[in-house]
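Student: To start, I am sharing the structure in question, which I have written as structure tokens.
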Amino acid sequence: MSSRPSTGEYIPYYEQYIGLVGEGAVTELLASQLASTTELLSDIPETQADYRYAEGKWTLKEVIGHISDTERVMSYRLLRAARGDKTPLAGFDQDEFMSAASFQDWSLSQIIEDYIAVRKSTLSLLRGLSVEAWLRLGIANGGDVSARALAYIIAGHELHHLKIVHEKYLA
């Protein structure tokens, strides 16, 4: 699917992520991100993975764990929308997720493996969607959202956080 979602396919909050995604097939971007993000993370020494750039900010491991957690949530929403399920899905609080996570106990290599597994699962799901499924709407966070928009949200969310990683963690 290479056409961008229209503004009626998602609530305005998600424009901050969808707007970061360039032209082209979103599945190709997601596959490209898998390779480039894995390469980037694999070059980071374990000693740097627990770095946080300010008090109260997440460590690098937590940022990557958050990217994977969010992708899991968005992929589940995508599956529900693509299958025509109109059951309203609640939002989630990223800070509550983080407070219950234990990424500090994981090695960076474990976090990278998890990221790879999540992204491969998302790509497998997307490969099986018909054109109609990409355009189906579900309900999440109190608004309509298409399967297509959710794929763009996943890609844009990662772009958003990798920009922060480059600026605050790896500068």
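Student: Answer yes or no as to whether VAL21 is part of a helix (DSSP H, G or I), aliphatic (A, V, I, L, M) and under 20 Å from GLY138 (Cβ atoms).
Tutor: On the way: part of a helix (DSSP H, G or I): no; aliphatic (A, V, I, L, M): yes; under 20 Å from GLY138 (Cβ atoms): yes.
Criteria not met by VAL21.
Student: Hey, could you check the stretch 29-44 for residues that are free of Cβ contacts under 8 Å to residues at least 12 places away in the same chain and assigned to a helix (DSSP H, G or I) and say which is surrounded by the fewest Cβ atoms within 10 Å (Cβ to Cβ)? Outline the logic, then answer.
Tutor: If we filter the stretch 29-44 for residues that are free of Cβ contacts under 8 Å to residues at least 12 places away in the same chain, which is where we start, we get 32, 35-36, 39, 43.
If we keep only those that are assigned to a helix (DSSP H, G or I) as well, we get 32, 35-36, 39.
Values: SER32: 12, ALA35: 11, SER36: 12, GLU39: 9.
Filtering the stretch 29-44 for residues that are free of Cβ contacts under 8 Å to residues at least 12 places away in the same chain and assigned to a helix (DSSP H, G or I), the one surrounded by the fewest Cβ atoms within 10 Å (Cβ to Cβ) comes out as GLU39.
Student: Modelled with pLDDT under 95 and either within 17 Å of the chain's Cα centre (by Cα) or among the hydrophobic types (A, V, I, L, M, F, W, C) (or both) - does that describe any residue in the stretch 151-162?
Tutor: Of the stretch 151-162, the ones modelled with pLDDT under 95 are none.
Looking through the stretch 151-162, none of the residues is modelled with pLDDT under 95 and either within 17 Å of the chain's Cα centre (by Cα) or among the hydrophobic types (A, V, I, L, M, F, W, C) (or both).
Student: Please state which one of TYR76, TYR10 is in contact with a strand residue (DSSP E or B) (Cβ under 6 Å, 6 or more places away or on another chain), of a type in the set (Phe, Trp, Tyr) and within 15 Å of ILE153 (Cα to Cα).
Tutor: Values: TYR76 fails: in contact with a strand residue (DSSP E or B) (Cβ under 6 Å, 6 or more places away or on another chain).
Sole residue among the options that is in contact with a strand residue (DSSP E or B) (Cβ under 6 Å, 6 or more places away or on another chain), of a type in the set (Phe, Trp, Tyr) and within 15 Å of ILE153 (Cα to Cα): TYR10.
Student: Consider VAL21 against the criteria (1) touching a residue at least 60 places away in the same chain (Cβ under 8 Å); (2) touching a Phe, Trp or Tyr at 6+ places or on another chain (Cβ under 9 Å); (3) open to solvent by 60 Å² or more (accessible area, probe 1.4 Å): it satisfies all of them except one. Which criterion is unmet?
Tutor: Against the list (1) touching a residue at least 60 places away in the same chain (Cβ under 8 Å); (2) touching a Phe, Trp or Tyr at 6+ places or on another chain (Cβ under 9 Å); (3) open to solvent by 60 Å² or more (accessible area, probe 1.4 Å), VAL21 comes up short only on (3).
Student: Still on this structure, please answer the following. When only residues in the stretch 46-84 that are basic (Lys, Arg) and assigned to a helix (DSSP H, G or I) count, which is nearest to GLU132 (Cα to Cα)?
Tutor: ARG80
Student: Quick one: which residue in ILE116, ILE139, ILE112, ILE154 is within 28 Å of SER6 (Cβ to Cβ) and either touching a residue at least 60 places away in the same chain (Cβ under 8 Å) or assigned to a loop (DSSP other than H, G, I, E, B) (or both)? Step through it out loud before you land on a result.
Tutor: On the way: ILE116 fails: within 28 Å of SER6 (Cβ to Cβ); ILE139 fails: either touching a residue at least 60 places away in the same chain (Cβ under 8 Å) or assigned to a loop (DSSP other than H, G, I, E, B) (or both); ILE112 fails: within 28 Å of SER6 (Cβ to Cβ).
Answer to the check: ILE154.
Student: Now a separate question. Identify, from the list THR47, THR59, THR87, THR122, the residue that is of a type in the set (S, T, N, Q), out of contact with any Phe, Trp or Tyr (no Cβ under 8 Å at 6 or more places or on another chain) and open to solvent by less than 30 Å² (accessible area, probe 1.4 Å).
Tutor: Working: THR47 fails: open to solvent by less than 30 Å² (accessible area, probe 1.4 Å); THR59 fails: out of contact with any Phe, Trp or Tyr (no Cβ under 8 Å at 6 or more places or on another chain); THR87 fails: open to solvent by less than 30 Å² (accessible area, probe 1.4 Å).
After ruling out the rest, the residue left standing is THR122.
Student: Go through the residues of the stretch 142-163 one by one and say whether even a single one is open to solvent by 70 Å² or more (accessible area, probe 1.4 Å), over 12 Å from ILE64 (Cβ atoms) and of a type outside the set (D, E, K, R).
Tutor: The answer is yes; a qualifying residue exists.
Student: Return only the number of the condition from (1) part of a helix (DSSP H, G or I); (2) among the small types (Gly, Ala, Ser); (3) surrounded by 12 or more Cβ atoms within 10 Å (Cβ to Cβ) that SER99 does not satisfy.
Tutor: Condition not satisfied by SER99: (3).
The values are calculated or read from the model by the stated rules, or taken from the named source; none is laboratory data. Since the structure is predicted, the reported quantities are computational estimates derived from the model, not experimental observations. Neighbour counts run over all protein chains shown; Cβ positions are idealised from the backbone, glycine included. Ligands, DNA and RNA are excluded from the accessible area calculation, which covers all protein heavy atoms including side chains. Shrake-Rupley method; radii C 1.70, N 1.55, O 1.52, S 1.80 Å.
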